[in-house]
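Just passing along the structure, written as structure tokens.
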Amino acid sequence: MIRRAIYPGSFDPVTNGHLDLIERCARLFDEVIVAVLMNGSKHPFFTAEERVGLLREVVPVSNVQVESFDGLLVEYAKERGASVIIRGIRAIADYEYELQMALMNRRLNPGIETIFLLPAEPYSYLSSRLVKEVFSLGGSMAGLVHPLVEERMRAKVAVTPSPRSKQED
Ligand code: PNS
């Protein structure tokens, strides 16, 4: 039986912490679907299409597919034949939100398990929200995101120079 897992998120933008988790998932499961939420934030840095495209370019492993989804995650997981949802937990602060989400997803579909993975320690404080903040204030992005992600972020602000009022994770 093929074990297929789904790793959902906003990925706005994908960080090195996300990539670390994707590699861990890819070692544990036959197939991994990285599922980008389409209409999460009202003010995303990258559009869902841009995030999907970027992920496809930087994900280093072959048994990983990148897709976008909308609506209930458990419905999407079922539609795609995934029996496991992967979420990363960086610190205890993540736990409460993740627990609520995992239990709600279990209530919605008891056949789908949520599995929490820990990223490598250097990424335990890294978030998309902080990446955007450091970027907007001109700090170094070295080690935080793939160089292509930084390049696309620079290209994005070069064409849309207005400052963003809302920074979201
Ligand atoms: O990277 P994020 O923003 O922490 O990811 C959150 C995500 C996409 C996993 C979550 O918002 C989600 O699953 N949204 C889909 C809607 C849904 O199924 N909601 C009920 C789950 S409690």
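With springs only between Cα atoms under 10 Å, which of SER140, SER124, SER83 fluctuates most in a Gaussian network model of the chain?
Sorting by GNM fluctuation, first place goes to SER140.
Angle between the Cα long axis of helix 147-159 and the longest principal axis of the chain, 0 to 90 degrees, nearest 10?
Long axis of 147-159 versus the principal axis of the chain: about 60 degrees.
Could you list log10 I(q)/I(0) for the stretch 49-131 at q = 0.17, 0.23, 0.26 Å⁻¹, which the Debye formula gives when each Cα is one point scatterer?
Taken in order of the listed q values, log10 I(q)/I(0) reads -0.91, -1.34, -1.31.
As an exercise, find the ratio Rg/Rh for the chain from alpha-carbon atoms, using the Kirkwood inverse-distance average for Rh.
Values: Rg = 15.7 Å, Rh = 16.4 Å.
On the Cα set of the chain, Rg over Rh gives 0.95.
Between the stretch 73-95 and the stretch 1-65, what is the separation of their alpha carbon centroids in Å?
The two parts, judged by their Cα centres, are 12 Å apart.
For the pair ARG106 and LEU148, what calculated FRET efficiency results from E = 1/(1 + (r/R0)^6), where r is the Cβ-Cβ distance and R0 = 30 Å, to the nearest 0.05? Walk me through the numbers on the way to the answer.
On the way: r = 36 Å, r/R0 = 1.20.
Efficiency, rounded to the nearest 0.05: 0.25.
Sticking with this structure for a sec: Averaging sequence separations of C-alpha pairs under 8 Å and six or more residues apart, then dividing by the length of the stretch 33-169, give the relative contact order as a whole percent. Before the final figure, lay out each step's value.
Details: 117 pairs, mean separation 31.4, N = 137.
With pairs under 8 Å counted, the relative contact order is 23 percent.
If exposed trypsin sites (Lys or Arg not before Pro) are those in a DSSP loop with at most 15 other Cβ within 10 Å, what is the longest stretch of the chain that has none? The partial results should precede the final answer.
On the way: sites that count: ARG3, LYS42, ARG80, ARG164, LYS166.
The longest such stretch corresponds to 81-163.
Coordinate-derived values only; no laboratory data. Bear in mind the structure is a predicted one, so any value in this text is a computation, not a measurement. Don't worry about glycine lacking a Cβ; one is built from the backbone with ideal geometry, like all the others, and counts go over all protein chains shown.
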